[in-house]
Amino acid sequence: MARHKELDLGESEAIALVLELPGLEVVVLDDAKARRVAAGMGPTVTGTVGMLVAAKAHGLTPSLRHALDDLRAVGFNVGDAIYARALQRAGK
């Protein structure tokens, strides 16, 4: 896959890997534009918050709320709606 002109190199490479390597089905992207581009190409798209929700579902993190709060504390933008939706999806 050629680099998508609107995306950073890392985002383009992540999308290329999931499309080219057998067995990969999910790409982790947080940038909204990169997520739209990837979704249009076929793979399942998730982000950091989605990975934390999955980690909680698999018993890999004891508290999704604390993990989300830690992300916010270091400046990661987790909007209130995404925060609430993540807790709802995790059953909290």
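Just for segment 1-16: of the residues that are touching a Leu at 6+ places or on another chain (Cβ under 7 Å) and of a type outside the set (D, E, K, R), which one is surrounded by the most Cβ atoms within 10 Å (Cβ to Cβ)?
Ala14
Could you give me the residue pairs with C-beta distances under 7 Å whose first residue belongs to segment 4-25 and is without any contact (Cβ under 8 Å) to a residue 40 or more places away in the chain, whose second residue is of a type in the set (Ser, Thr, Tyr) wherever it lies, and which are 6+ apart or on separate chains?
Going by the 7 Å Cβ cut-off, the qualifying pairs are His4/Ser12; Glu25/Thr44.
FYI, it's all coordinate maths here, none of it is from the lab. Predicted, not measured: the structure shown is a model, and the values here were computed from it. Every residue, glycine among them, receives a Cβ derived from its backbone with ideal geometry; neighbour counts consider all protein chains shown.
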